[in-house]
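The values are calculated or read from the model by the stated rules, or taken from the named source; none is laboratory data. What you see is a predicted model, and the numbers here were worked out from it, not measured in a lab. FYI the Cβ positions are ideal-geometry reconstructions off the backbone, even for glycines, and counts take in every protein chain you see. Remember, those area values only see protein heavy atoms, side chains included, never the ligands or the DNA or RNA. Shrake-Rupley method; radii C 1.70, N 1.55, O 1.52, S 1.80 Å.
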Amino acid sequence: MSDEFIRDHASRKPHPLSFWRKLGGGSLSVSIIVHAILLSLGVVWVFQVIPAKKAEVDFMPKGGGGGSPGVNEVSQKKKRATMNTANAPRMSAKGATSSFTLPEVDPAASMSSLGSLGSGALSGGLGGSGTGGGRGNGTGPGFGAGTGPGLGGNASGANLFGLIDPNAGAMIGTFYDMKQTDKRESTDVTPGDMPKIVREFVNDGWHDSKLKKYYQAPQKLYQTRVFIPRISADAAPAAFKCEKEVQPSRWVVVYRGSVIPPKTARYRFVGAADDILVVRFNRKEVFDHGYASGTAPISPASKETRAVLRGEVQNRELEKTIRHDYPMKIPVTYYQYDALGGWNNSIGGLAVGAEFEANAGTEYEMEILISEVPGGSFGALLYIEEIGATYQKTSTGAPILPLFRLDSSLPAVKPSDQAAPFDPGGPVWKLGRKTAKGI
């Protein structure tokens, strides 16, 4: 290296550092870039590991159409009852002998069914092609483990709302939609109006003229028993072949006929409905129990009202209303069964109706009314108890009663069904001749 090059290089002055370099900007820039990369990778990892929260789906319809506070309370109690009963323990018999069993499917029970109903609402269960998406496949997932049995599977394919054969030896059933007139115009009837409409019909003598202004399904059905474990409320319009014309709420079905008891005795009906079940025997109301009353302006779904009905609390005004309109006397007896957890909590279980006397060989006019108010789910059970008879009991102490029925066939029962057990060997009532002539 020459001396000249060394002198020239030594004589050069170094370049002044910038303000950013004096602050250590070079190292800081590298650090910022590295941290930014690490932060970006971290954000991507977080969003991949932690999925977005799914919205919870409420399978129970809201009831629609407004309604009074009492009806809103009924709708909420129905929803809670559905949720509570899904995991209810199964019933067991206390001191029962081996002669008692829950009935299995009886292939010989020659009940005429509706078969394929239009869009397949009955054969498809509570979901699939029958009643829209999201309710399950008709075998259990629908409204929960205890509320989605599917209509087809519950009774060997039979229609729970009646038979299509007019010669079936059964009571004649007529379906009414209270939301529309006979000319298919809106009536603006709300869920809150429904109990009052039913009461006016019942208290005015059950005259068809009272319901003539409402839409009536052309299809008649013929009922031999009322045994409808909780199902979707849209099963009723589908059964009467009017599901395209009727939304599944605010409907009424009236069954009429004359019946003959198997023996002379004193009897009383036992049952319940979600929402309304009223029975008239020999032109007198003898039973009324459900989430709403069809005879009196009271709410059996209210704890205060049930306390009065049981005789546990005194309320002179309410007691006066009950004595005047309600068919059962205070104190009303209730039977509770393990499979009816929701009904036990919401309406006290199955109620025991008023006593009445019936003579063997004598025809008695009889009407049964069932009704769904806000929509969602529906159920109705009707048993009969002979006064003085001895019945086996469940673990709750409630009797295992026979169904009220007009033929020897029995419904099939699945473990998921929300229904009280029944005595399969119970007596069978007969259909009277007056039914054929029309009542």
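What to note about this one:
- A search for C-beta distances below 9 Å between a residue of region 181-210 that is in contact (Cβ under 8 Å) with a residue 24 or more places away in the chain and within 19 Å of Tyr326 (Cα to Cα) and any residue that is among the acidic types (Asp, Glu) and in a helix (DSSP H, G or I), counting only pairs 6+ apart in sequence or on different chains, returns Arg199/Asp325; Asn203/Asp325.
- Restricting attention to region 383-412 and to residues that are in contact with a helix residue (DSSP H, G or I) (Cβ under 8 Å, 6 or more places away or on another chain) and at pLDDT below 95, the residue that is nearest to Arg256 (Cα to Cα) turns out to be Pro411.
- Every residue from region 334-345 that is touching a residue at least 60 places away in the same chain (Cβ under 8 Å), farther than 27 Å from Glu200 by Cβ and open to solvent by less than 60 Å² (accessible area, probe 1.4 Å): Tyr335, Tyr337, Asp338, Ala339, Leu340, Gly341, Gly342
- Remark: Thr435 matches the filter, which requires a residue to be of a type in the set (Val, Ile, Thr) and either buried (at least 21 other Cβ atoms within 10 Å of the Cβ) or in contact with a helix residue (DSSP H, G or I) (Cβ under 9 Å, 6 or more places away or on another chain) (or both).
- Of the residues Asp165, Asp177, the single one that is farther than 19 Å from Glu365 by Cβ and surrounded by fewer than 19 Cβ atoms within 10 Å (Cβ to Cβ) is Asp165.
- Scanning region 247-265 for residues that are buried (at least 23 other Cβ atoms within 10 Å of the Cβ) and closer than 14 Å to Pro374 by Cα yields Ser249, Arg250, Trp251, Val252.
- Candidates Gly150, Gly173 - the one that is within 17 Å of Pro411 (Cβ to Cβ) and at pLDDT 95 or above: Gly173
- Residue under evaluation Lys430, criteria (1) closer than 14 Å to Val259 by Cβ; (2) surrounded by fewer than 19 Cβ atoms within 10 Å (Cβ to Cβ); (3) at pLDDT below 95; (4) touching a Gly at 6+ places or on another chain (Cβ under 9 Å), criterion not met: (3)
- Qualifying residues in region 266-316 (those that are open to solvent by 10 Å² or more (accessible area, probe 1.4 Å) and assigned to a helix (DSSP H, G or I)) - the one nearest to Glu200 (Cα to Cα): Thr305
- Exactly one residue among Ala360, Ala354 is part of a loop (DSSP other than H, G, I, E, B), of a type in the set (A, V, I, L, M, F, W, C) and exposed (fewer than 15 other Cβ atoms within 10 Å of the Cβ), and that residue is Ala360.
- In region 317-325 there is at least one residue matching the filter, namely being open to solvent by 10 Å² or more (accessible area, probe 1.4 Å), closer than 24 Å to Arg283 by Cα and either touching a residue at least 60 places away in the same chain (Cβ under 8 Å) or assigned to a loop (DSSP other than H, G, I, E, B) (or both).
- Sole residue being at pLDDT below 95 and under 16 Å from Leu401 (Cβ atoms), chosen from Ala339, Ala380: Ala339
- Residue, surrounded by the fewest Cβ atoms within 10 Å (Cβ to Cβ), within region 220-229, restricted to residues that are under 15 Å from Val252 (Cβ atoms) and in contact with a helix residue (DSSP H, G or I) (Cβ under 9 Å, 6 or more places away or on another chain): Ile228
- Just one residue in the set Pro421, Pro331 is in a loop (DSSP other than H, G, I, E, B) and open to solvent by 10 Å² or more (accessible area, probe 1.4 Å); that residue is Pro331.
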